Every structure is written in C-alpha cells, then in structure tokens.
1. Of everything in the range 96-111, what is in contact with a helix residue (DSSP H, G or I) (Cβ under 8 Å, 6 or more places away or on another chain) and not in a strand (DSSP E or B)? Give them in sequence order.
2. Identify, please: which residue in the range 131-177 is assigned to a loop (DSSP other than H, G, I, E, B) and touching a residue at least 60 places away in the same chain (Cβ under 8 Å) and is, among those, surrounded by the most Cβ atoms within 10 Å (Cβ to Cβ)?
3. Residue 128 is checked against (1) assigned to a loop (DSSP other than H, G, I, E, B); (2) out of contact with any helix residue (DSSP H, G or I) (no Cβ under 8 Å at 6 or more places or on another chain); (3) on the phi < 0 side of the Ramachandran plot and fails just one. What number does that condition carry?
4. Spot the failing condition for residue 35; the list is (1) surrounded by 14 or more Cβ atoms within 10 Å (Cβ to Cβ); (2) closer than 19 Å to residue 169 by Cβ, and only one is missed.
5. Does at least one position in the range 38-46 carry a residue that is in contact (Cβ under 8 Å) with a residue 12 or more places away in the chain, part of a loop (DSSP other than H, G, I, E, B) and surrounded by fewer than 19 Cβ atoms within 10 Å (Cβ to Cβ)?
6. Can you confirm whether residue 163 is over 20 Å from residue 35 (Cβ atoms) and in contact with a helix residue (DSSP H, G or I) (Cβ under 6 Å, 6 or more places away or on another chain)?
7. When you scan the range 15-31, how many residues do you find that are buried (at least 19 other Cβ atoms within 10 Å of the Cβ) and either outside any helix (DSSP H, G or I) or modelled with pLDDT under 95 (or both)?
C-alpha cells in the first residue's frame with residue numbers, strides 16, 4: 001500500500017518560529033547568522049497571515065545558563081564572558097542603538113501576550129519542552145517551521161516533530177544559516193525523508209484560501 005505525501009492544510013497547522021533571537025539575528029551578535037536578517041520580512045508576513053487565519057503562532061528561544069552547560073561544547077559563545085542566550089544578559093548590537101536582552105525574540109517578530117514562547121535547553125524544540133502538549137491541545141497536525149539555524153535547531157526540531165508523528169513543513173526562504181552549503185544540503189535531506197519543503201508565499205496563499213494545497 002502506498003501513502004500519498006501530505007499537502008499543506010492550514011486548518012490543521014501551527015507556525016513555529018525557531019530561535020529568531022537577538023543573540024542570533026542582530027548585527028554583531030555573539031552567534032550571529034547574518035542571513036537571518038534577510039528572512040525577517042518573509043517570516044513576519046507569514047506570522048501575520050497565520051494570526052489573521054486564527055492559527056497558532058509559537059516561538060522558541062534557545063536558552064543557555066545560568067551555569068555553563070553542554071551547549072558550550074560546540075558554541076563557546078554560550079559560556080562566559082559572552083553568555084550568549086542567557087536570560088537577563090543585555091548587550092548592544094550594530095543595528096540597534098539601545099541595549100537589548102540577547103535571549104529575547106527580535107522586535108520585528110515580538111510575540112503577542114497570548115502566544116506561547118517555549119524555552120528550550122538544546123537544539124530541538126520538542127525535547128523536554130511543553131511543545132507537543134501545546135500542539136495537541138490546539139489539535140495541530142502540521143507544524144510549519146521557520147527560523148535559524150537551518151542545519152542545527154531547525155533540522156533537529158523537524159526530525160523530532162517527524163518522530164512524534166507531526167507533518168513537518170519547512171519554509172526554505174524562512175530559515176537561515178551561516179553556511180550556504182550546509183543550508184542547501186539540509187533542506188535537500190529534510191525534503192527527502194522528513195518534511196515538505198516549500199516557501200512562505202505558498203504558505204500564505206494556503207492560509208488566505210483556507211483550503212488544503
């Protein structure tokens with residue numbers, strides 16, 4: 001028996017915004033992903049479309065500290081003195097005049113008070129977090145993913161969601177990396193076995209029509 005690939009179904013979808021935080025996105029950030037800034041307009045437009053369609057919008061925050069953890073093994077920026085993505089740590093950035101909390105979601109995408117923000121202590125958004133319960137409570141079957149970094153937290157999140165039986169969807173123009181080759185290879189691999197890879201314009205069109213695509 002063959003099973004047909006799934007299609008976009010906005011009635012069953014939630015938008016998951018992965019780790020678009022100051023300490024990744026802002027100019028001069030300790031874990032800067034410059035290409036993340038180029039995705040913000042597309043991500044914001046998709047977020048607005050999801051809100052208009054009354055679909056859940058969920059944000060994650062990569063969270064380090066208050067002590068040095070395994071995150072610093074491969075991201076030494078998470079250790080002192082930089083303390084990247086530690087709660088309560090402010091810093092200045094090249095594209096903002098005022099000091100900002102590095103752990104916060106960027107102001108271009110500020111979550112609403114009624115939207116869930118999931119703090120995670122590793123790469124994946126599902127492991128040891130409330131995300132699965134939040135999605136199940138809203139009867140979500142499809143998880144539409146944007147954010148950073150493509151081959152790290154985005155990929156781990158997609159794989160975790162797939163293992164839990166969710167239909168995972170990735171917006172190729174809504175995810176970003178500091179390495180173009182790894183970005184492209186990851187999207188190819190996810191499309192091969194783990195997720196539907198599409199773009200934010202197609203997602204917005206589906207939300208606007210309210211019909212599966």
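The values are calculated or read from the model by the stated rules, or taken from the named source; none is laboratory data. Quick caveat, the model's predicted, so the values are computed rather than measured. With ideal geometry, Cβ positions are generated from the backbone for all residues, glycine too; neighbour counts draw on all protein chains shown.
1. Those that are in contact with a helix residue (DSSP H, G or I) (Cβ under 8 Å, 6 or more places away or on another chain) and not in a strand (DSSP E or B): 102, 103, 104, 106, 108, 109.
2. The residue in question is 149.
3. Result: residue 128 passes all but (3).
4. It is condition (2) that residue 35 fails.
5. The answer is no; no qualifying residue exists.
6. No: the conditions fail for residue 163.
7. 11
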